[in-house]
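All remarks here apply to the structure that follows.
What follows draws every value from the coordinates through simple rules; no lab data is involved. These numbers come from a predicted model, not from an experiment. Neighbour counts are summed over all protein chains in view; Cβ atoms, including those assigned to glycine, are modelled from backbone coordinates with ideal geometry.
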Amino acid sequence: MLEEKIEPNQIIETVLKADEIISPLVDDDLITMAMSLGINQAVFGEIYQVIRDRGTEISRQVMMGPLVEATFDWTDNVASLQVGPYKKELKFEQLLKFMGLIDAVYAPVYPLGTILKIKQGMLPEQWQTMFSNQDELLVMVVGRKQELQNDFADYLFDYITVLWPLGVLPNVEPISISNLMIDRVIALGHTDELEKEMAEKVLKASQLANKQISSAFMPDDIVSEYLASIGDL
């Protein structure tokens, strides 16, 4: 059990070295890149969006920070990632795991009851259609860090949410979301020392100890397997 708040920059090296996919790649350059991307969440999210959209490149200058550039070869499934002077060539599987570990370390765990504005373009198609006439989609956090079952336990949903202000509705499933789907926080839920301890010492610490990453970083083949498995239920 952790005694203090998790300090991301102090543990990112340990987390990267503990992962069997990433550990062979770890050096000072990769650690520095991870730290830079971790503290620049806006650019991190933009890189993820380009990957999700199957784009081919991105270039962003971090304010008072490094130039971040990436190119994606969808034929050979390799990516080139450069943060300032540091550059790595990664297979897509490695890139997704690398980003998933950064997300696990640096993303906050919001308290229950938090109201979030969601990026509607990142919702499943059926949800996008349902809310296409709304200017914004607000949800309330009712669950956190829900582990996927059986063969997919290496992944989790960052949050389980319900529509705000409607709440739980008959025959409407809760919406499972990742950190990358959050546009912004509208209002934080209640926080006290007990809640902070739960967020840091239980939820985040358990995720890191179990080497779990968000479902947002599933490779395509794992996504297909997961969708097939829940379709059989």
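Observations on the model:
- With Cα atoms, 0 to 90° folded angle of helix 92-106 axis to the chain main axis: 60 degrees
- Positive-end ranking of ILE11, THR56, GLY167 along the dipole of the chain, with charges on Cβ about the Cα centre, is headed by GLY167.
- Using the Cα coordinates of the chain, the gyration tensor eigenvalues translate into equivalent-ellipsoid semi-axes of 28, 22, 18 Å, sorted from longest to shortest.
- Degrees, to the nearest 10: 8-18 long Cα axis against longest axis of the chain: 80 degrees
- Number of Lys-Lys pairs in the chain with C-alpha atoms under 18 Å apart and a separation of 8 or more places or on different chains: 20.
- Projected area, mean over directions - the stretch 115-231, Cα convex hull, nm²: 8.2 nm²
- Based on the Kirkwood approach, the hydrodynamic radius assigned to the stretch 1-43 is 11.3 Å, with every pair of different Cα atoms included.
- Computed [θ] at 222 nm, deg cm²/dmol, the chain (DSSP H ≥ 4; -39,500 (n - 2.57); rounded to nearest 500): -9500 deg cm²/dmol
- Charge dipole (debye, nearest 20) of the chain; +1 at Cβ of Lys and Arg, -1 at Cβ of Asp and Glu: 460 debye
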